[in-house]
1. Against the definition (at pLDDT below 80 and loosely packed, with under 10 Cβ neighbours inside 10 Å), how does T65 come out, yes or no?
2. Let me spell it out: the conditions are (1) loosely packed, with under 10 Cβ neighbours inside 10 Å; (2) at pLDDT below 75, and I6 meets all of them except one. Which number is the exception?
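The values are calculated or read from the model by the stated rules, or taken from the named source; none is laboratory data. What you see is a predicted model, and the numbers here were worked out from it, not measured in a lab. Virtual Cβ from ideal backbone geometry, glycine too; neighbours counted across all protein chains shown.
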Amino acid sequence: MEISKIKSNINMKKFYLISLAAILFASIAAQGQEKNKAVFTEPKDGYYKEISGEADRYAAKQTTTAKSFKVDFTGVDLPKTLSEFTYA
């Protein structure tokens, strides 16, 4: 083997070793984080009625008249038949 191939093999081994160490460190650090905790509880009376009431109140505020965009073509001579159209 040539010396350059040996050096490149050593460099690749160092790269793989450093990459493996970084991945291992990251996975250990990620596992050390505190987990979120949740518990199952019985639903409170009126909980869904309260949400429904708030949704109805919100929908009542959102009633607006429908608007449309219109262009005023007064004073513009537009073609009305096919023979009036010109081609560029």
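1. Considered against the rule, which asks whether it is at pLDDT below 80 and loosely packed, with under 10 Cβ neighbours inside 10 Å, T65 comes out as yes.
2. It fails just one condition, (1).
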